[in-house]
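Enquirer: Here it is, the structure, as structure tokens.
Derivation of every value follows stated rules applied to the coordinates shown; laboratory data play no part. Source: prediction; values computed, not measured. Please note: Cβ atoms are built from the backbone with ideal geometry, for glycine as well, and neighbour counts cover all protein chains shown.
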């Protein structure tokens with residue numbers, strides 16, 4: 001690329017600036033009166049530019065017609081100025097500004113004041129994320145899983161107070177999003193509406209926060225695209241990586257009605273650069289207008305007997321620079337580990353059906369299944385009835401739990417530990433989670449050690465499915481930093497022992513423990529009681 005000098009009599013160009021051209025063409029370009037332009041983003045990169053008016057009969061136009069492709073690659077373009085006169089423009093990447101924006105894209109602290117509800121606070125890197133999002137009309141927040149992208153979006157809502165917000169997420173995460181936003185938003189009056197299959201488009205409120213899953217996006221597209229959205233946010237945005245899928249097309253059509261667009265994903269690139277284009281086109285269609293141009297530059301296309309293969313990669317440093325220069329913010333757990341708690345716990349509500357048998361069992365125990373006392377403990381329920389309740393809960397949850405785990409794992413090269421209690425539940429989990437090993441109370445010691453070894457060292461094994469009571473002392477599962485409890489136990493020490501299989505010496509990541517619960521059921525009471533006891537124990541002795 002032709003390089004620009006810092007100063008000269010000719011609008012900022014130094015002698016030899018056009019050295020990539022033949023001598024005669026250098027003279028033609030140097031004869032123009034180049035004037036500096038205000039810096040701007042071009043193709044996603046901070047750029048400096050110059051422009052020169054060109055008379056109709058000037059030989060520069062002949063040079064342009066004969067060498068347009070080469071000149072465009074070198075930063076030239078033809079355009080009209082404010083007076084409507086044709087001119088040539090010349091743009092180059094501003095390396096100093098690009099370096100600064102690359103640095104900003106990995107910031108882990110900020111002095112910005114972001115409103116938060118009483119009793120809650122953001123980590124420094126989350127405030128930096130809010131500041132990054134607030135300064136852009138389009139942004140990709142690509143922080144690694146477990147760093148709180150949902151909380152950062154909530155911080156943006158607290159800071160900018162948009163009135164019409166659409167959040168698109170996974171089916172299993174809609175309720176989680178609603179709960180997290182209600183927890184973190186300072187405006188307690190803004191309506192939050194979770195859109196379901198039975199929701200009628202005409203039932204949507206005029207203003208508020210709408211939460212919808214990708215599968216229902218097309219159903220509500222017409223109703224929502226008719227409203228000017230203040231913010232459109234796509235969670236797990238790698239779900240629109242396929243540019244020809246129905247969900248991607250619906251998302252792209254909706255994006256035209258949004259003032260601000262944000263993509264959230266810990267894995268914007270799953271396999272190859274080809275998958276990035278749809279995300280980039282969603283955010284900045286003018287900067288990333290054409291897939292085939294993108295593919296030629298970054299995908300090393302190869303023609304085969306079945307057509308073009310775009311699964312390759314090239315010019316990756318350039319692509320990274322373009323992403324980091326104002327469009328994408330990405331921080332890894334290791335970058336912010338000092339700010340994160342070593343272990344955090346979360347309740348995840350599951351949407352299940354067919355809970356009539358469960359309600360009957362709770363009624364038999366003498367309780368209203370739809371109005372359980374918050375302080376209800378297992379010791380208050382007859383043992384045989386409690387055992388039946390727990391078995392029915394596990395049976396109800398397993399299908400939704402599998403969907404949740406698979407959705408959470410898609411696109412992430414991360415290992416999960418899955419805990420449950422009943423053998424039937426454990427076996428169904430292992431059967432439906434590809435790349436899993438299973439350990440129950442019946443697993444012989446030598447097979448148990450072999451399963452741990454495979455999980456720790458075999459990249460093809462992603463899930464360690466284990467019985468809670470089989471995970472006593474002496475077991476190390478620190479290859480994972482995330483555990484999902486599909487079923488729980490009333491005894492805090494037993495759950496804590498299972499948690500400690502991950503949260504122990506050798507663990508280099510912050511550990512996230514997720515307890516899957518059925519809302520408005522005794523399941524919530526079990527987990528709430530146990531987690532509260534854990535908190536008491538930890539405050540007393542740790």
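Enquirer: What 222 nm value per residue comes from the helices of the chain, counting each DSSP H run with n ≥ 4 as -39,500 (n - 2.57) and dividing by all residues, nearest 500 deg cm²/dmol?
Expert: -11500 deg cm²/dmol
Enquirer: Can you work out the FRET efficiency for the pair residue 61 and residue 476, with r the C-beta to C-beta distance and R0 = 56 Å, to the nearest 0.05?
Expert: Details: r = 72 Å, r/R0 = 1.28.
Efficiency computed from Cβ-Cβ geometry: 0.20.
Enquirer: Another question, then. For labels at residue 22 and residue 73 in the simple 7 Å Cα→Cβ model, what's the distance in nm?
Expert: Here the modelled spin labels are 1.7 nm apart.
Enquirer: Listing 336, 108 from the residue with the fewest other Cβ atoms within 10 Å to the one with the most, what is the order?
Expert: Working: 336 22, 108 16.
By the 10 Å Cβ count, ascending: 108, 336.
Enquirer: Based only on Cα atoms, what mean projected area does the convex hull of the chain have, in nm²?
Expert: Working: hull surface 127.0 nm².
Across all orientations, the chain yields a mean hull projection of 31.7 nm².
Enquirer: What is the order of 515, 123, fewest Cβ neighbours within 10 Å to most? Mind dumping the intermediate values first?
Expert: Working: 515 23, 123 19.
So the residues, fewest neighbours to most, are 123, 515.
Enquirer: Right, something else. Using a basic spin-label model with each label point 7 Å from the Cα along Cα→Cβ, how many nm lie between residue 244 and residue 286?
Expert: About 3.0 nm, to one decimal.
Enquirer: While we're on this one: Quick check: pseudo-label points 7 Å beyond the Cα along Cα→Cβ at residue 103 and residue 423, how many nm apart are they?
Expert: Computed distance between label sites residue 103 and residue 423 equals 6.2 nm.
Enquirer: Note the full-extension length gain between residue 53 and residue 81 as 0.36 nm times their separation in residues minus their Cα-Cα distance, in nm to one decimal. It would help to have the intermediate numbers written out before the result.
Expert: Working: separation 28, 0.36 × 28 = 10.08 nm, distance 0.82 nm.
Length difference between fully extended and current span is 9.3 nm.
Enquirer: Between rounded, prolate and oblate, where does region 211-351 land on the alpha carbon gyration tensor, with a ≥ b ≥ c its root eigenvalues, rounded for a/c under 1.5, else prolate if a/b exceeds b/c?
Expert: On the way: a/c = 1.74, a/b = 1.15, b/c = 1.51.
Oblate.
Enquirer: Estimate the FRET efficiency between residue 302 and residue 227 by the formula 1/(1 + (r/R0)^6), using the beta-carbon distance for r and 45 Å for R0, to the nearest 0.05. All intermediate terms of the calculation are to be shown ahead of the outcome.
Expert: Numbers: r = 44 Å, r/R0 = 0.98.
For R0 = 45 Å, the calculated efficiency reads 0.55.
Enquirer: How long is the gain from residue 450 to residue 257 if the chain were fully straight, where each residue apart is worth 0.36 nm and the alpha carbon distance is subtracted? The partial results should precede the final answer.
Expert: Details: separation 193, 0.36 × 193 = 69.48 nm, distance 5.42 nm.
Value of the extension gain: 64.1 nm.
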